[in-house]
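Below is one structure, written out as structure tokens; the observations come after it.
The values are calculated or read from the model by the stated rules, or taken from the named source; none is laboratory data. None of the values given here were measured: they were computed from a predicted structure. Please note: Cβ atoms are built from the backbone with ideal geometry, for glycine as well, and neighbour counts cover all protein chains shown. Ligands, DNA and RNA are excluded from the accessible area calculation, which covers all protein heavy atoms including side chains. Shrake-Rupley method; radii C 1.70, N 1.55, O 1.52, S 1.80 Å.
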Amino acid sequence: MYAKVYGATVDGLDGVIVTVEVDISQGLPVFDIVGLPNQAVKESRERVRAAIKNSGFEFPMRRIVVNLGPAEVRKSSSGLDLPIAIGVLAASGQIKMRKRKLMSLLQSTLFIGELSLDGGLKKTQGILSMAMKALDEKLVTVFTSSENIALLHYIDTIASYGARTLEDIVQVLIKPDSYTVEDISTNSEDKTYSSIDYKDVHGQELGKRAMIIVATGLHHVMMTGPPGAGKTMLAERLPTILPDMSWDERFETTRIHDVAGLLEKNTLISRRPFRGPHHTATLASIIGGGSNAKPGEITLAHNGVLFIDEAPEFPRFILDALRQPLESHTITVNRLQNSYEYPAKFICVLAANPCPCGYYGDPHKECVCSSTEFMKYQNKISGPILDRIDLYISVERPSFNDMLLINEDSLSSSDMKDLVERGRNIQLERFKDCTFKTNGSMPHRAIRELCNIQDDCWNLLSDVYERFHFTGRSFDRLLKVSRTIADMDGSLYVEKEHISEAMLYRHTPFHVSRIGDHDGTTV
């Protein structure tokens, strides 16, 4: 007796259709699963056995061999429980349908779901990636858990059925008219940032101006200042002023978080991600990888913000892993059996103290760091990483009046978002025929063609380039920031004042101090 059913697993971010072949033959009772299953799939033997018996069916006491193809792909999804169970029931003749009709139905259907011992169906990670792959393979119907069905409703080109138990799935196969659509709300919104507003940030008007530039042009920024000055407050409010995500961005972001197992609600993510990994995070957790090649923090921040707080406390090799995604907006993870390319289009925000104790240059507190500690701390961030940052801002400790007085003229997140969207709309019109849509993503060749720099600015730019010894990359970034500032002003051309303001954000306190500038005890 033989049956073939289709299931799915996830490889990287992409779904992989798995052909589940079940053969039941005479012999001593045995239940083998072959085809490179991992431990979770191997354990499905016991879950499937108990689920079939506790759902009112009979588990065949014969020799059962389950083959998972393609054999060269490691199967890592517990969602293969359901197709294995359906395959056993179909091969043993317990699904009461005409054989030809049943075979035809199984050839166009994808089954995804983890089984509990009582036959219940549980939520499965990566359901969106699997369903999208099913469309490519002409599988027009998906049977899964009722906990997953809300996400599948966003894919209107596929018929999806959600059930709570294995028995319900069999009943729907036999009598499709028996399926009743559950009342599932897909309009719930994530309120993560509803209580966070830039109006709460006191005395940091320069920092807020820089954040508007960052959000408008999709630039990277580094903030330096003493502890408690407001660096984290500025960073964590950045998603509140970014433009609303498009449907494609929401779907892609949701798919990534679904594969990573971080999707809390069965609906598309509507708020831009904000990821702030701790400095003890491993390299694999930042760039992605591991045994299942899951996306890391860089990819989880896709379409949002990656906040690297206390950046010099991170190992240097982890910070250097940001080089590729900061330039190409992708991250490549190479493993022995495969190579994965994950999306990584995010705004990078670095935050750092000026020295290990945090008070170098502070007029009120002494720095107690030695010259060796000071230089070692600053050298944690390499030159190539600093060269990829567009703006540098110094965040000073707010004054007493700043903390107590309410500045009515201070911009709120809503006000700042309006300014950002105005600048973004200008960029969308300028780049309507281009593959890139923001100034920060503009390639080198397009800068001279699309930035519209006034002729009288080139002498100023020449002086700046020679005086500050810019690299080609940092000079390009200066021009991009200047173009963003011009867009915020509604100017068709980049003027000298736009370049001058952009230069205000090019000074970094890192890698500019000589050892002799630090006396080892005081400042």
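What the table shows:
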quantity	calculated
Reachable aspartates and glutamates, given that their alpha-carbon falls under 16 Å from the alpha-carbon of Lys96 and they are not under 8 places away in the same chain	Glu58, Glu167, Asp168, Asp177
Residue-normalised accessible area of the chain, given per residue in Å² at a 1.4 Å probe	46 Å²
Label-point separation in nm, Val368 to Thr471, each point 7 Å along Cα→Cβ	3.6 nm
Percent carbon-and-sulfur accessible area, segment 98-156, ignoring ligands, DNA and RNA, probe 1.4 Å	50 percent
Sites Leu428 and Lys96 - FRET efficiency at Förster radius 56 Å, r taken between beta-carbons, to 0.05	0.45
Rg in Å to one decimal, and Dmax rounded to a whole Å, for segment 247-290 via C-alpha atoms	11.9, 34
Convex hull volume of segment 271-395 per residue (C-alpha atoms, cubic angstrom)	122 Å³
Mean ellipticity per residue at 222 nm, deg cm²/dmol - from DSSP H runs of n ≥ 4 across the chain, formula -39500 (n - 2.57)	-10000 deg cm²/dmol
Glu205 paired with Leu283, simple spin-label distance in nm, labels 7 Å along Cα-to-beta-carbon	4.6 nm
If the convex hull is drawn through the Cα atoms of the chain, its volume per residue in Å³	175 Å³
GluC sites (Glu not before Pro) restricted to DSSP loop in segment 5-46 with at most 16 other C-beta within 10 Å	Glu43
Carbon/sulfur fraction of accessible area - segment 221-294, other protein chains in place, 1.4 Å, %	50 percent
Residues with amide H under 5 Å from that of Lys294, placed H, sequence gap 5 or more	Gly289
Listed residue (Met132, Gln324, Ala344) projecting farthest to the positive dipole end of the chain, Cβ model	Met132
Distant-in-sequence amide H partners of Tyr161 (H built 1.01 Å from N, under 5 Å)	Val142, Phe143, Thr144
Rounded D (µm²/s) - segment 376-464, Kirkwood Rh over Cα pairs, Stokes-Einstein at 25 °C, 0.890 mPa s	139 µm²/s
Modelled FRET efficiency - R0 25 Å, Glu264 with Phe436, Cβ distances, 0.05 increments	0.20
Computed over segment 447-509, Kirkwood Rh from alpha-carbon pairs, angstrom	11.7 Å
Solvent-accessible area, 1.4 Å probe, carbon plus sulfur percent, for segment 298-420	52 percent
Lys/Arg +1, Asp/Glu -1 at C-beta; the chain dipole; positive extreme among Ala235, Pro315, Leu89	Leu89
Filter on Lys123/Lys175; Lys53/Lys75; Lys53/Lys122 - keep pairs with C-alpha separation over 21 Å	Lys123/Lys175; Lys53/Lys75
Where trypsin sites (Lys or Arg not before Pro) fall in DSSP loop in segment 103-145, at most 14 other Cβ within 10 Å	Lys138
Charge dipole magnitude, Cβ of K and R +1, D and E -1 - the chain, Cα centre, debye nearest 20	2120 debye
Spin-label pair Asn334/Asp415, simplified geometry with 7 Å Cα→Cβ offset, distance in nm	5.1 nm
Cα-based Rg / Dmax (Å) for segment 1-152	14.2, 43
Where trypsin sites (Lys or Arg not before Pro) fall in DSSP loop in segment 389-481, at most 11 other Cβ within 10 Å	Lys432
